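Trainee: Please read through the structure below; I'll follow up with questions.
The values are calculated or read from the model by the stated rules, or taken from the named source; none is laboratory data. The shown structure was predicted, so the numbers you read here are calculated from the model rather than taken from an experiment. Cβ coordinates were reconstructed from backbone atoms using ideal geometry, including for glycine residues, and neighbour counts include every protein chain displayed.
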Amino acid sequence: MRQNVRDLESFYASRLGQAANNMVLRRLSTIWPELSGRDVLGYGYCYPFLTPYLTDAKRVILAMPGAMGALTQRSPRGVMTCLTETSALPFEDAQFDNVLVAHGVEEVVMVPELLQELWRITRPEGKIIVIASNRTGLWARSDRSPFGAGRPYSRSQLKSVLKNAGFIPTVWSGALYIPPWRFMTGKTVLNVTESCGETIWPGFSGLVLVEALKRLYAEPSGKLKEGIKRPVLTPKPIGSANRQ
């Protein structure tokens, strides 16, 4: 059963949730410093992470799965939330420049179908960021946060499902190196732990963030490049039938 939107809202209002939000924004802002004039979609529960972009983005829409429920959220353009189906998003092709997915893939049975739909509505050369629980991190093993629900992912698993949907992973990052304990959410502890974690044990973050690109043409593989560099020329023997 998918988490309820009210439970997610309550978590992000807590001290632990605020710490998680701040650490995700710390990494997200380095990948997407600004989204001025961009059409942006958030799938899952993305409001805490997209709030800093509401003023400058051209349009922000929050698509929430029907089983999760939806809260009315407003932007300068008005209400920006809607309920959606996983395999049939109510948007035309190539509508969005940037897509953020948070609390969106861990509890979905049809992940390939979801990512194919997100590929469909993303513009050519558009970018998607997926935030997912890291299967080697402590947050995926705790019931104190929503990141402990559903299926966690490794980097290789995220890379595989994104590539199968037609995306090209380009940037990897991690967040939440502290254990999911409230007494470790002080600003100093967070900053020191995150800085050390990124340098010393990047594979053990609580969350994995991956940015991927929608590209309409296929890049040549290594084998194809090698074949172009080294063409095989086979001479044909000249027959003797035409000799006088």
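Trainee: Do the conditions hold for PRO65, that is, is it under 17 Å from the mean Cα position of the chain (by Cα), within 17 Å of PHE167 (Cα to Cα) and at pLDDT below 95?
Mentor: no
Trainee: For residues that are at pLDDT 85 or above and either on the phi > 0 side of the Ramachandran plot or of a type in the set (A, V, I, L, M) (or both), scanning just the stretch 73-95, find the one that is surrounded by the fewest Cβ atoms within 10 Å (Cβ to Cβ).
Mentor: Among them, the one singled out is ALA88.
Trainee: Within the stretch 35-51, is there a residue that is without any contact (Cβ under 8 Å) to a residue 12 or more places away in the chain and surrounded by 14 or more Cβ atoms within 10 Å (Cβ to Cβ)?
Mentor: Checked the stretch 35-51: at least one residue is without any contact (Cβ under 8 Å) to a residue 12 or more places away in the chain and surrounded by 14 or more Cβ atoms within 10 Å (Cβ to Cβ).
Trainee: Output yes when any residue across the stretch 82-98 is touching a Leu at 6+ places or on another chain (Cβ under 7 Å) and within 21 Å of GLU34 (Cα to Cα), and no when none is.
Mentor: Yes, that holds for at least one residue.
Trainee: If you don't mind, there's one more thing I want to ask. Does GLY126 satisfy the criteria of being at pLDDT 95 or above, touching a Lys or Arg at 6+ places or on another chain (Cβ under 6 Å) and not in a loop (DSSP other than H, G, I, E, B)?
Mentor: Here the answer is yes, as GLY126 does meet what is asked.
Trainee: Keeping to the stretch 1-38, report how many residues are out of contact with any strand residue (DSSP E or B) (no Cβ under 6 Å at 6 or more places or on another chain), not in a loop (DSSP other than H, G, I, E, B) and not hydroxyl-bearing (Ser, Thr, Tyr).
Mentor: 18
Trainee: Touching a residue at least 60 places away in the same chain (Cβ under 8 Å) and surrounded by fewer than 15 Cβ atoms within 10 Å (Cβ to Cβ): does that describe ARG182?
Mentor: yes
Trainee: Would you say LEU62 is part of a strand (DSSP E or B) and either among the aliphatic types (A, V, I, L, M) or touching a Cys at 6+ places or on another chain (Cβ under 7 Å) (or both)?
Mentor: Answer is yes for this residue.
Trainee: So GLU107 ticks every box in (1) surrounded by fewer than 22 Cβ atoms within 10 Å (Cβ to Cβ); (2) of a type in the set (Asp, Glu); (3) modelled with pLDDT of 90 or more; (4) in a loop (DSSP other than H, G, I, E, B) but one. Which box is left unticked?
Mentor: (3)
Trainee: Another question, then. Scan (1) closer than 23 Å to GLN157 by Cβ; (2) at pLDDT below 95; (3) assigned to a strand (DSSP E or B) for the single condition VAL99 breaks and write down its number.
Mentor: Looking at each condition in turn, VAL99 falls short on (2).
Trainee: Another question, if that's okay. Does MET64 satisfy the condition of being in contact with a helix residue (DSSP H, G or I) (Cβ under 9 Å, 6 or more places away or on another chain) and under 18 Å from LEU118 (Cα atoms)?
Mentor: Yes: the conditions hold for MET64.
Trainee: Give the residue that is farthest from SER75 (Cα to Cα), with candidates limited to residues of the stretch 22-51 that are within 15 Å of the chain's Cα centre (by Cα) and among the small types (Gly, Ala, Ser).
Mentor: Checking each candidate, the answer is SER29.
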